[in-house]
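Notes to accompany the following structure.
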Amino acid sequence: MRTREADPLSAGTQRPLLVTADEELLDDLLRLASAASVSLDVRSEVGSARSAWPAAPMVLVGSDLASQVGIAAMPRREDVVLVAADLDDAGVWQRAVEMGAQHVVFLPDGESWLVDRLADCAELRGGRGALLCTIGGRGGAGASTLAVALATTAVRRGLRTMLVDADPLGGGLDLVVGSEGTAGLRWPQLDPGRGRVSSAALAEALPLVGELTLLSWDRGDVLTVPADTMDVVLAAGQRSWDLVVVDLPRAVDDSVRSALDRSQSTFVVVPAEVRATAAAGRVCAAVCVAARDVRVVVRGPSPAGLTAHDVTQALGLPLAGELRAEPGLAGALERGEAPARRGRGPLARLCGALLDEFTSSARAA
């Protein structure tokens, strides 16, 4: 079995799997892996690749063994790439379907794309981090407070956490955690360049509030975040952080859809009010088109006697939890004191319950 020696960036991580017996293709891919600072687990026989297939962060299959991989009926999974060199090989697409490849890459044209994907693997620490979104059913529902509380609770549990403020009209989550003067880049200064951002570079550039990494806004002109920028930033976050929490605006554009598509779960915060529930219906309809799992957090008490069941039944969505009134919370937010920082009260208990499901298999910090 032929492979490069492990380097510091790939030490302690699962290596991308390469399945090929083509010596020329092997040399090309080892060269690209070296450029990405990652080592490959090389298997020249399909049978020997079966044990490594499920856990590898990425699987590369040479066109020479693609048919054999299809016949072997390997388990279906994401991040399988068929690598070929002959643009005139019309049968490559059929072989890609048979083996369950998500991508077909022709060399040398696809070298840049492949180096980027391999570099992503070098930054993975045992798997991708969880990503959760919050969004308000109406203005002032409390979604931003929930987002910060989730992130704060995760940090208190020892999880490496990144909080992303995706709402340019929300006032800035840096104010919620009292870090508006903390040095670091904000959204307007971020430039992903060629379509990929290094997790290490991102961590170094963003403000750190205690142990929490924060990406928020400055006080300049209101800007929008392009969908591709949002996607590469969140991808970098998931590669390196245990948990990424994204606070979304209620207007669902391409950037928001990019975040929703990556999210394990989206929590729609809805006050237990008739008009708030009606407004949330429109928000939920737009969110459900892009998100795989949408749940409702009902904020009480209700001036009209609505129950959490009433709200979720009207919206046709499952209940994630109830947020009861918390004395002193509004004053703490005005003082820039992060919600749930002490781990006590209704909000902290709710966040603990919400995180239990999504961080049970989180990577060690």
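The values are calculated or read from the model by the stated rules, or taken from the named source; none is laboratory data. Computed from a predicted structure; not experimentally measured. So basically every Cβ, Gly included, is an ideal-geometry build from the backbone, and we count neighbours across all protein chains shown.
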Scan the range 273-295 for residues that are within 23 Å of the chain's Cα centre (by Cα) and in contact (Cβ under 8 Å) with a residue 60 or more places away in the chain and report the count. 4
Within the range 50-65, restricting to residues that are modelled with pLDDT of 95 or more and of a type in the set (A, V, I, L, M), the one that is farthest from GLN14 (Cα to Cα) is LEU65
Picked from the range 19-49 (must be in contact with a strand residue (DSSP E or B) (Cβ under 9 Å, 6 or more places away or on another chain) and among the charged types (D, E, K, R)), the residue nearest to GLY70 (Cα to Cα) is GLU45
Quick one: is LEU234 in contact with a Phe, Trp or Tyr (Cβ under 8 Å, 6 or more places away or on another chain), assigned by TED's automatic domain parsing to the domain that holds LEU315, surrounded by 21 or more Cβ atoms within 10 Å (Cβ to Cβ) and more than 30 Å from ALA304 (Cβ to Cβ)? no
Selected residue [within 21 Å of LEU159 (Cβ to Cβ), touching an Asp or Glu at 6+ places or on another chain (Cβ under 9 Å), modelled with pLDDT under 90 and surrounded by 17 or more Cβ atoms within 10 Å (Cβ to Cβ)] from SER179, SER199, SER263: SER199
Given (1) among the small types (Gly, Ala, Ser); (2) in contact with a Leu (Cβ under 6 Å, 6 or more places away or on another chain); (3) in a loop (DSSP other than H, G, I, E, B), index of the condition ALA236 fails: (3)
Which of the helices (runs of 4 or more DSSP H) contained wholly in the range 22-89 include at least 3 residues that are touching a Ser or Thr at 6+ places or on another chain (Cβ under 9 Å) and touching a residue at least 24 places away in the same chain (Cβ under 8 Å)? 23-35
Which helices (runs of 4 or more DSSP H) sit wholly inside the range 116-211 and have at least 2 residues that are closer than 18 Å to THR229 by Cβ? 199-205
